[in-house]
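Participant: Can you keep this structure in mind? I'll have questions shortly.
The values are calculated or read from the model by the stated rules, or taken from the named source; none is laboratory data. The structure displayed is predicted, hence computed values, not measured ones. Here Cβ is always computed from backbone atoms with ideal geometry, including for glycine, and neighbour counts include all displayed protein chains. Just the protein is used for accessible areas: all its heavy atoms, side chains included, with ligands, DNA and RNA removed. Shrake-Rupley method; radii C 1.70, N 1.55, O 1.52, S 1.80 Å.
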Amino acid sequence: MDLAEIWNSLVWPLARLTMFISLGLLIGQLIEAMNWTKVVAAGVSPLLRLGRLSDIAGASFSLAFFSGISANSMLADAYEQGRISRRELIMSNLFNSLPTYFLHLPSVFFILAPLIGAAAVTYLGLTIGSAVLRTVFILLFSRFFLPVPKERCVSCRLDEKEAAGFRDIFKRTMQRFKKRISRVLYMTVPIYILFFFLNRWGMFSAIEQYMSENLGWLSWLPPQAVGVVVFQMVAEFSAGAAAAGALLADGALAHKEVVLALLVGNILSSPMRAIRHQFPYYAGIFKPGLAAKLIFWSQGLRVASLIFVGVVYFLVG
């Protein structure tokens with residue numbers, strides 16, 4: 001490769017990508033800092049009636065749109081005080097998976113969109129579908145296995161928060177942005193460069209041979225996609241997304257293959273991600289045994305729903 005090819009195929013696309021990721025993350029963090037997702041709390045009551053969940057579950061659901069820790073702390077306090085049963089605690093915690101997902105959706109979108117373009121819409125559409133599917137299942141399950149609650153009052157359980165001024169919003173946005181952008185770029189830039197050269201050096205031809213001999217259960221994925229899966233498992237989501245973006249831009253992977261690779265990587269990385277990131281703070285809110293059970297059910301249901309939407313997309317997408 002000459003310098004012109006390196007500039008046109010690697011340096012300029014990577015510089016443009018970095019600019020769009022930075023801008024997108026800044027916008028995403030601003031949306032989260034302004035708590036715009038709180039407006040959906042007004043629509044909680046019909047869901048509570050459907051699932052026979054108490055007002056505590058509704059308040060926790062609303063809090064989860066801007067603080068998962070606050071939402072879980074409310075549930076833990078109610079359980080310790082005997083106001084909700086262990087079964088409703090589990091159902092309520094699972095119910096909160098939808099707002100928790102939407103809490104981080106803006107940032108995830110603005111990471112994926114510059115990297116994989118239209119494939120980001122498909123991938124996020126599938127993950128949103130899986131989150132909605134989980135919520136429907138939880139509500140139907142709780143309707144049959146929970147008694148009718150004695151009281152319903154979502155708003156009275158919510159702590160009124162003073163509206164933050166522009167200075168506070170800007171400060172929170174920049175603090176979160178600086179912390180997030182350094183981690184994203186730390187993974188994205190070297191992974192993008194690495195996968196660019198690996199593809200040019202024919203590394204994936206060797207992976208294809210190895211896969212045919214040792215990884216038959218993933219033979220329905222191309223070798224490049226397996227590399228994306230591996231990076232998601234051993235590093236983090238942004239690493240897999242960076243790898244997918246490099247391969248998609250180079251024409252080594254198609255739209256559908258990128259989406260399936262990210263889904264598989266998401267599914268396979270869930271257990272370790274939960275142990276590394278979720279259990280430490282869960283164990284600080286709930287007792288360790290209960291924390292492990294909550295994570296087991298939430299991750300198990302999450303994986304099952306992702307497998308379902310992934311299989312549907314593989315067959316009909």
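Participant: Given the criteria touching a residue at least 24 places away in the same chain (Cβ under 8 Å) and under 30 Å from residue 14 (Cα atoms), does residue 111 qualify? Give the derivation first.
Facilitator: On the way: touching a residue at least 24 places away in the same chain (Cβ under 8 Å): yes; under 30 Å from residue 14 (Cα atoms): yes.
So residue 111 fits the description; yes.
Participant: I would also like to ask the following. Based on what the data block shows, is residue 121 open to solvent by 40 Å² or more (accessible area, probe 1.4 Å), at pLDDT 85 or above and out of contact with any strand residue (DSSP E or B) (no Cβ under 8 Å at 6 or more places or on another chain)? Break it down stepwise before answering.
Facilitator: On the way: open to solvent by 40 Å² or more (accessible area, probe 1.4 Å): yes; at pLDDT 85 or above: yes; out of contact with any strand residue (DSSP E or B) (no Cβ under 8 Å at 6 or more places or on another chain): yes.
So residue 121 passes the test.
Participant: In addition: Under the condition of being part of a loop (DSSP other than H, G, I, E, B) and among the hydrophobic types (A, V, I, L, M, F, W, C), which residue from the stretch 48-65 is nearest to residue 149 (Cα to Cα)? Please lay out each step first, then the result.
Facilitator: Step one: filter the stretch 48-65 for residues part of a loop (DSSP other than H, G, I, E, B), giving 52-54, 64-65.
Those left that are additionally among the hydrophobic types (A, V, I, L, M, F, W, C): 53, 64-65.
On the way: 53: 7, 64: 21, 65: 23 Å.
Filtering the stretch 48-65 for residues that are part of a loop (DSSP other than H, G, I, E, B) and among the hydrophobic types (A, V, I, L, M, F, W, C), the one nearest to residue 149 (Cα to Cα) comes out as 53.
Participant: Which of the residues belonging to the stretch 46-77 are open to solvent by less than 20 Å² (accessible area, probe 1.4 Å), over 18 Å from residue 286 (Cα atoms) and in contact with a Gly (Cβ under 9 Å, 6 or more places away or on another chain)?
Facilitator: If the condition is that a residue be open to solvent by less than 20 Å² (accessible area, probe 1.4 Å), over 18 Å from residue 286 (Cα atoms) and in contact with a Gly (Cβ under 9 Å, 6 or more places away or on another chain), then 48 is the only one that fits.
Participant: Restricting to the stretch 243-260, name every residue that is in contact (Cβ under 8 Å) with a residue 40 or more places away in the chain and closer than 15 Å to residue 118 by Cα. Full working, then the answer.
Facilitator: Start the filter on the stretch 243-260 by keeping residues that are in contact (Cβ under 8 Å) with a residue 40 or more places away in the chain, which leaves 243-250, 252, 255-256, 258-260.
Hits for the stretch 243-260 are 244, 245, 246, 247, 248, 249, 255, 256, 258, 259, 260.
Participant: Please enumerate the residues belonging to the stretch 287-301 that are open to solvent by 50 Å² or more (accessible area, probe 1.4 Å) and in contact (Cβ under 8 Å) with a residue 40 or more places away in the chain.
Facilitator: Matches in the stretch 287-301: 293, 297.
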